[in-house]
1. Rounded to the nearest 500, what is the 222 nm mean residue ellipticity of the chain from helices alone, with -39500 (n - 2.57) per DSSP H run of 4+ residues and division by all residues?
2. Binned at 5 Å from 0, what are the whole-percent values of the Cα-Cα distance distribution for the stretch 33-98, short to long?
3. Please give the contour-minus-distance gain from ALA4 to SER97: 0.36 nm per residue of separation, less the Cα-Cα distance, rounded to one decimal in nm.
4. Net charge around ARG119, counting only other residues with Cβ within less than 12 Å of its Cβ (Lys, Arg = +1; Asp, Glu = -1)?
5. Give the calculated FRET efficiency between THR106 and ASP70 to the nearest 0.05, with a Förster radius of 22 Å applied to their Cβ-Cβ distance.
6. Report the dimensions of the chain along its three principal axes from the alpha-carbon atoms, largest first, rounded to Å.
7. What is the gain in length, in nm to one decimal, between ILE50 and THR81 on full extension, counting 0.36 nm per residue of separation less the C-alpha to C-alpha distance?
Amino acid sequence: MKSAARAGTLMRALVAGVNGDSSVVAEIYTDDVKGWSPAMHVSSAAELAIELEDRDEAFSDVELAFAPLDVRGGRAVVEWTMTATHSRPLVVDDTTSIEASGARVTLHGVMVAEFDGDRIRSFRQYWDEGELLAQVGARPGD
């Protein structure tokens with residue numbers, strides 16, 4: 001698989017994650033994919049599909065921008081920026097929910113993926129949860 005195609009697959013994965021679209025999981029991830037982000041840990045494509053389907057819809061009017069940082073061999077790294085409106089309650093954990101603030105938020109992150117052929121076999125995604133929570137009006141200790 002060429003580098004540009006890997007970068008494209010990684011960007012599709014990010015869009016699917018933001019949109020909660022599990023329909024592309026079988027196409028772009030291996031069955032035994034391992035993944036981590038501040039909001040989830042998965043060890044199979046089935047677990048990933050469930051996580052995507054269970055996403056809350058706290059944000060609307062989502063815009064994503066990408067900048068491939070490095071794509072070579074079996075690895076791709078993409079920097080992303082998401083801008084969205086906090087339009088519904090954001091569930092933080094089993095006991096905490098942050099009511100919709102209407103705020104337009106911007107979040108920066110990076111996704112690193114290793115490939116097996118043309119599908120992602122592992123990924124790690126990094127962003128600052130504190131930055132997001134501060135923008136939606138969460139106070140320390142919320």
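1. Result for the chain, helices only: -7500 deg cm²/dmol.
2. 4, 13, 15, 21, 24, 15, 6, 2, 1
3. Fully extending the segment from ALA4 to SER97 adds 29.6 nm.
4. My count for the surroundings of ARG119 gives -3.
5. According to the calculation, E is roughly 0.40.
6. So the extents along the principal axes, rounded to whole Å, are 44, 28, 24.
7. Full-extension gain reported as 8.7 nm.
Readers should treat all values here as calculations from the given coordinates under stated rules, not as data from a laboratory. None of the values given here were measured: they were computed from a predicted structure. Because the Cβ atoms are built from the backbone with ideal geometry, glycine has one as well, and the counts that use them run over all protein chains shown.
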